[in-house]
Structures are given as structure tokens and as C-alpha cells.
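Participant: Please read through the structure below; I'll follow up with questions.
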Amino acid sequence: MTRRSWIQFLVLSALWGASYLFIKVALEDVSPAMVVFARTALATLVLLPFALRSGALDALRGRPGTVAILALVQVAAPFLLISVGEQDLSSSLTGILVATAPIFSFLLAIRLEREARAEGAAMLGVAVGIAGVILLLGIDAGGGSAALIGGSMVVLASLGYALGAFYLRRNLSDAQPIGVVASAMGASALMTAPLAAATFPSQAPDLETFGSLFVLGVGGTGIAFLLFYTLIAEVGPTRSSLVAYVAPGFSVLYGVLLLDESFTAATFAGLVLILGGSWLAAEGRLPWQPKKAVRVAARPAPEAAR
């Protein structure tokens, strides 16, 4: 990787890791539905001009139903689940739990992809990752049943990311990614608009909330995806997917330094277990073993880093 690629990689990790910080701040004044609507609408404004300029929307003509299903499964529903769940969770814990997406990708690959096998190292990764989730939700989350339900929603969102990746691969693999993402964000904004309108705040949010929503939509979603696909073009999808393992570290850093969230031994252990388990599930090998053929189905979906 060149110096430019490393800079893009770190900026992308920092942007996606910051998403949970901005969601947490915005939730103080607006509803989860408002957060998702603003995020997807602003991201659409950023991504759509690039999709139009490149002609990336041409392959999606006549396929609104397919785009709508993808938007619901991989964007609107996961984003909403994360925003609702984060009402009772810290931003750092949310960022860690989202990193379980590769584990779900591996489990789904066993069922949906014939070439996928339940190999020893990969299954160990699943067990390790689940142990990390149990540790975080059972010990570190706090807040009783509300935090447990919130954490479960975040984990369910990761399942949506994984399901959406398989649906995308089977139904829209012929379309350019920038066109798919721009269309999915636009469809998600339309889907969440009625919920956002129904939960419109009775008084105007403060500037901090507006700023958080703007940075979340424009930077953490729109610009982040542009960086992601630029990075894929320059260094390939394998190296680019490593952002899924770096972004949670940034989410923890932001939460501790800027929101004064606690970082306990259980938090550290859960972070290590989930990231380590996700890596094992995606790679199917221990770190000292030779690299195997890449199993695309088990790779983290782009949205898993947010």
C-alpha cells in the first residue's frame, strides 16, 4: 500500500468508527428514525452525483424492487436497529458489537454457499466471537434488560449487513457499487421518512445535534463510502476489508475520550474476542498458518464497519 492508500485507510477507519459517537450525540435531541433519515438522505446527496456522472445507475433501471429489498435489509433496518439499540448502550460498545458481521457472514456461507465449509479455525472464531458478545452484554453493558435488548438489536443489525451482502452478490453483482450504494441510501431515506416525520421533535434541536447529523451523513456515510470504493480500486477488496477490524478501535477511542465512556477490562476482553473471532471466521486460519484462498462470502460487508 502506498502512503496515499494508508492515509485513505486511516481516514476511512476514523470516519466509520466515529459514526457511533455522532449517533449517540444526535439521539439526545432526535429520534432514531430521524437519525437514520438524515444520515441516508445526506449520504444520497453526496453519492448520487458521482453515481450519475459515472453512469453507475444504468444497470439498476427496471429493478426498483431489488434495490428496495437491499436497502431494507442492509441499510434502513440495520441503521434503525443500531440507532434504537444505542439509546441504551455506549457508543464504544455499539461499535464493537457491530464488528460481529463477519461471523454471521461465515455462518450464512455454510448454508448458502456450497464451497463454504465449517473448518476448525473458522468455527473456533465463531465460538470466540460469541463469547465476546456474551461477555459484553452479560457483564460490560450494564443497565439491565434495556441494555441487553439494545445490544441484541445491534447484533441483529450485523446479521442484516451479512444477509444484505449475500443478496447483493446474488442479485446486483453486475451493477457498479457506487450506483448500488447511492440507490440504496436514497431508498432508505424514502423508507424512513414517514417514521422520521411521525417522530419529529417538538422543539428545534441544538447546533450540536445538527452538526452530528451532518457529519454522520456527509462524512461517516457519504464520503466514507467514496473512500472505501476508491481504496478497493487502488489496493483491492481484501486489504480494504481490514477497515472492519480497525474502525471499532476508533469507536472505543472516541467514546472514552470525547463522551467519557468507561473502558473496563471486560470491554477490552470483549473487543479482543469479537475482533479475533471475526478475523478467524473470515480468514479460516490461525495467524501463523499459511494464507488460504480468499472466501469472499465471509468477508466483512462494507456497512459492518459503521
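The values are calculated or read from the model by the stated rules, or taken from the named source; none is laboratory data. This structure is a prediction, so every number in the text was calculated from the model and none was measured. Ideal geometry is used to build each Cβ from the backbone, glycine not excepted, and the neighbour counts take in all protein chains shown.
Participant: In the stretch 24-35, how many are in a helix (DSSP H, G or I) and either among the polar types (S, T, N, Q) or within 13 Å of the chain's Cα centre (by Cα) (or both)?
Facilitator: Adding up the residues that qualify gives 0.
Participant: Here's something else I'd like to know. Go through (1) buried (at least 23 other Cβ atoms within 10 Å of the Cβ); (2) among the polar types (S, T, N, Q); (3) within 19 Å of Pro194 (Cα to Cα) for Ser31 and report which single condition fails.
Facilitator: Tallying (1) buried (at least 23 other Cβ atoms within 10 Å of the Cβ); (2) among the polar types (S, T, N, Q); (3) within 19 Å of Pro194 (Cα to Cα), Ser31 fails exactly one: (1).
Results for (1) touching a Pro at 6+ places or on another chain (Cβ under 7 Å); (2) at pLDDT 85 or above; (3) over 22 Å from Ser83 (Cα atoms); (4) assigned to a helix (DSSP H, G or I), shown as yes or no for each residue.
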| site | (1), (2), (3), (4) |
| --- | --- |
| Glu115 | no, no, yes, no |
| Ala118 | no, no, yes, no |
| Ala131 | no, yes, yes, yes |
| Gly142 | no, no, no, no |
| Ser145 | no, no, no, yes |
| Met153 | no, yes, no, yes |
| Ala157 | yes, yes, no, yes |
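Participant: Then there's this: Restricting the search to the stretch 163-183, which residues are outside any helix (DSSP H, G or I) and touching a residue at least 12 places away in the same chain (Cβ under 8 Å)?
Facilitator: Selection gives Leu172, Asp174, Ala175, Gln176.
Residue by residue, here is whether (1) at pLDDT 90 or above; (2) assigned to a helix (DSSP H, G or I); (3) of a type in the set (Ser, Thr, Tyr) holds:
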residue: Val256; (1), (2), (3): yes, yes, no
residue: Phe263; (1), (2), (3): no, no, no
residue: Leu273; (1), (2), (3): yes, yes, no
residue: Ser278; (1), (2), (3): no, yes, yes
residue: Ala282; (1), (2), (3): no, yes, no
residue: Lys292; (1), (2), (3): no, no, no
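Participant: Which one of Leu135, Leu52, Leu80 is buried (at least 18 other Cβ atoms within 10 Å of the Cβ) and out of contact with any Gly (no Cβ under 8 Å at 6 or more places or on another chain)?
Facilitator: After applying the criteria, what remains is Leu80.
Participant: Hey, another quick one. Restricting to helices (runs of 4 or more DSSP H) lying wholly in the stretch 184-252: which have 2 or more residues that are crowded, with 23+ Cβ neighbours inside 10 Å?
Facilitator: Because the criterion is at least 2 residues that are crowded, with 23+ Cβ neighbours inside 10 Å, the helices (runs of 4 or more DSSP H) in the stretch 184-252 that meet it are 207-214, 224-235.
Participant: May I ask you to list the residues in the stretch 142-173 that are under 20 Å from the mean Cα position of the chain (by Cα) and more than 24 Å from Gly65 (Cβ to Cβ)?
Facilitator: Once the filter is applied, which keeps residues that are under 20 Å from the mean Cα position of the chain (by Cα) and more than 24 Å from Gly65 (Cβ to Cβ), the stretch 142-173 yields Ala147, Leu148, Ile149, Gly150, Gly151, Ser152, Met153, Val154, Val155, Ser158.
Participant: Do any residues in the stretch 225-254 that are in contact (Cβ under 8 Å) with a residue 60 or more places away in the chain and farther than 21 Å from Pro49 by Cα have Cβ atoms under 6 Å from those of residues that are surrounded by 17 or more Cβ atoms within 10 Å (Cβ to Cβ) and among the aromatic types (Phe, Trp, Tyr), where the two are at least six apart or on different chains, and which pairs are they?
Facilitator: Ala247/Trp16; Ser251/Tyr20
Participant: Which members of the stretch 4-54 meet the condition of being among the aromatic types (Phe, Trp, Tyr) and more than 22 Å from Gln203 (Cβ to Cβ)?
Facilitator: Those that are among the aromatic types (Phe, Trp, Tyr) and more than 22 Å from Gln203 (Cβ to Cβ): Trp6, Phe9, Trp16, Tyr20, Phe50.
Participant: Moving on to the next point. Just one of (1) surrounded by 24 or more Cβ atoms within 10 Å (Cβ to Cβ); (2) free of Cβ contacts under 8 Å to residues at least 60 places away in the same chain trips up Val36, so point out which.
Facilitator: Of the numbered conditions (1) surrounded by 24 or more Cβ atoms within 10 Å (Cβ to Cβ); (2) free of Cβ contacts under 8 Å to residues at least 60 places away in the same chain, the odd one out for Val36 is (2).
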